[in-house]
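Visitor: First the structure, which I've put down as structure tokens, then a few questions once you've had a look.
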Amino acid sequence: MTLKHILLHPDPRLKKVCAPVEGVTPDLGKLAEDMLQTMYDAPGIGLAAPQVGVMQRLFVMDCVKGQDEAAKPMVLINPEVTWTSEDRSTYEEGCLSIPEQFAEVTRPARVRMAWTGLDNQRHEEEFDGLWATCAQHEFDHLNGKLFIDYLGPIKRQLITRRMEKFKRERARG
Ligand code: K1U
Ligand code: ZN
């Protein structure tokens with residue numbers, strides 16, 4: 001198991017549309033396992049391949065809260081949104097590529113996604129609550145979209161400037 005380096009905004013790779021995964025190979029299984037470990041280590045509830053510099057359409061998530069419930073790691077390869085609800089929900093989102101910055105984002109409250117699993121089978125499921133928010137946030141990453149793209153230009157620029165400063169200071173050590 002290898003912990004992956006998570007790219008930080010602003011980075012041109014986080015703005016690109018990812019390419020479909022061509023096949024479920026042992027290497028892809030290793031990447032998914034590494035992404036899950038990186039997500040749990042961060043800690044986070046989701047992680048998309050472009051955040052670790054892999055420009056392919058897959059993400060991982062586990063939105064189980066607390067220690068009482070068993071973990072539910074999910075790997076979604078070539079996900080598609082097949083349905084979104086009319087009703088909306090607002091959640092204060094964060095992003096492992098934009099650490100310590102949070103903002104309210106309104107999205108469909110429920111979403112259906114279809115995807116290929118590591119078993120190479122097609123799956124379809126409806127997500128609600130935090131799972132729906134997280135699945136949409138991760139799906140956006142595959143299309144080069146960040147949660148700050150839902151904000152107005154002033155808030156977005158403020159967060160981007162804070163991140164530029166954070167990266168400059170980190171580079172200086
Ligand atoms: O995609 C990412 O950068 C991961 C991101 C996912 C996400 C968070 C909130 C709303 C939608 C999507 C994170 O996991 S940020 C960290 C976080 O939310 C968290 C960390 C520890 C415990 C619980 C949540
Ligand atoms: Zn994110």
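Quick note: the coordinates plus some simple rules give every number you see, no bench work behind them. Model, not experiment: these values are computed from the prediction. FYI the Cβ positions are ideal-geometry reconstructions off the backbone, even for glycines, and counts take in every protein chain you see.
Visitor: Just the residues that are polar (S, T, N, Q), more than 15 Å from ligand 2 (Cβ to nearest atom) and either within 17 Å of the chain's Cα centre (by Cα) or surrounded by 19 or more Cβ atoms within 10 Å (Cβ to Cβ) (or both), please, taken from segment 22-77. Before you say what the answer is, go through the steps one by one.
Guide: Of all residues in segment 22-77, those polar (S, T, N, Q) come to 25, 37-38, 51, 56, 67.
Checking which are more than 15 Å from ligand 2 (Cβ to nearest atom) leaves us with 25, 37, 56, 67.
Listed by number, the residues that qualify are Q37, Q56.
Visitor: Could you figure out which of (1) polar (S, T, N, Q); (2) surrounded by fewer than 16 Cβ atoms within 10 Å (Cβ to Cβ); (3) assigned to a helix (DSSP H, G or I) isn't true of T133?
Guide: (2)
Visitor: Assess whether E100 counts as being over 15 Å from the mean Cα position of the chain (by Cα), closer than 21 Å to I159 by Cα, within 16 Å of ligand 1 (Cβ to nearest atom) and not small (G, A, S). Can you show your working first?
Guide: Numbers: over 15 Å from the mean Cα position of the chain (by Cα): yes; closer than 21 Å to I159 by Cα: yes; within 16 Å of ligand 1 (Cβ to nearest atom): yes; not small (G, A, S): yes.
Considered against the rule, which asks whether it is over 15 Å from the mean Cα position of the chain (by Cα), closer than 21 Å to I159 by Cα, within 16 Å of ligand 1 (Cβ to nearest atom) and not small (G, A, S), E100 comes out as yes.
Visitor: Right, another one. Which condition from (1) touching an Asp or Glu at 6+ places or on another chain (Cβ under 7 Å); (2) closer than 30 Å to G23 by Cα is the one that N143 breaks?
Guide: That leaves (1) as the condition not met.
A quick yes/no check of all residues on (1) aromatic (F, W, Y); (2) more than 14 Å from ligand 1 (Cβ to nearest atom); (3) under 13 Å from the mean Cα position of the chain (by Cα):
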residue: W83; (1), (2), (3): yes, yes, no
residue: T90; (1), (2), (3): no, no, no
residue: C95; (1), (2), (3): no, no, yes
residue: V105; (1), (2), (3): no, no, no
residue: Q121; (1), (2), (3): no, yes, no
residue: A132; (1), (2), (3): no, no, yes
residue: H137; (1), (2), (3): no, no, yes
residue: R162; (1), (2), (3): no, yes, no
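Visitor: Here is a follow-up. List pairs: first residue in segment 105-131 and without any contact (Cβ under 8 Å) to a residue 24 or more places away in the chain, second residue buried (at least 19 other Cβ atoms within 10 Å of the Cβ) and of a type in the set (V, I, T) anywhere in the structure, Cβ distance under 6 angstrom, at least six positions apart or on different chains.
Guide: That search, which allows pairs on different chains as well, returns R122/T116; F127/V111.
Visitor: Is it true that L76 is within 12 Å of ligand 1 (Cβ to nearest atom) and hydrophobic (A, V, I, L, M, F, W, C)? Break it down stepwise before answering.
Guide: Details: within 12 Å of ligand 1 (Cβ to nearest atom): no; hydrophobic (A, V, I, L, M, F, W, C): yes.
No: the conditions fail for L76.
Visitor: Tell me which of these P153 doesn't satisfy, since it passes every other one: (1) surrounded by 14 or more Cβ atoms within 10 Å (Cβ to Cβ); (2) more than 16 Å from ligand 1 (Cβ to nearest atom).
Guide: (1)
Visitor: Further question on the same structure: Limited to segment 100-110, what total is found for residues that are within 16 Å of ligand 2 (Cβ to nearest atom) and either over 14 Å from I45 (Cβ atoms) or not in a strand (DSSP E or B) (or both)?
Guide: Taking segment 100-110 as the starting set, the residues that turn out to be within 16 Å of ligand 2 (Cβ to nearest atom) are 100-105, 107.
Right, trim to either over 14 Å from I45 (Cβ atoms) or not in a strand (DSSP E or B) (or both) and you get 100-101, 103-105, 107.
So the count comes out to 6.
Visitor: Tell me which residues, restricted to segment 16-66, are under 18 Å from G117 (Cβ atoms) and charged (D, E, K, R).
Guide: Listed by number, the residues that qualify are E22, D27, K30, E33, D34, R57, D62.
Visitor: Would you please list the contacts, defined by Cβ atoms under 8 Å and residues six or more apart or on different chains, that run from a residue in segment 140-151 that is farther than 13 Å from D11 by Cβ and touching a residue at least 40 places away in the same chain (Cβ under 8 Å) to a residue that is hydroxyl-bearing (S, T, Y) and not in a helix (DSSP H, G or I)?
Guide: Sorted first by the residue in segment 140-151, then by its partner, the pairs are Y150/T106.
Visitor: Looking at K155 and the list (1) without any contact (Cβ under 8 Å) to a residue 24 or more places away in the chain; (2) more than 16 Å from ligand 2 (Cβ to nearest atom); (3) touching a helix residue (DSSP H, G or I) at 6+ places or on another chain (Cβ under 8 Å), which single condition is not satisfied?
Guide: Every listed condition holds for K155 apart from (1).
Visitor: Please determine, by comparing only the residues of segment 1-31 that are of a type in the set (K, R) and in a loop (DSSP other than H, G, I, E, B), which one is nearest to F166 (Cα to Cα).
Guide: Within segment 1-31, the first condition is being of a type in the set (K, R), and the residues that meet it are 4, 13, 15-16, 30.
Going one step further and asking which of them are in a loop (DSSP other than H, G, I, E, B), we end up with 4, 16.
Working: K4: 20, K16: 22 Å.
If we take residues in segment 1-31 being of a type in the set (K, R) and in a loop (DSSP other than H, G, I, E, B), then K4 is nearest to F166 (Cα to Cα).
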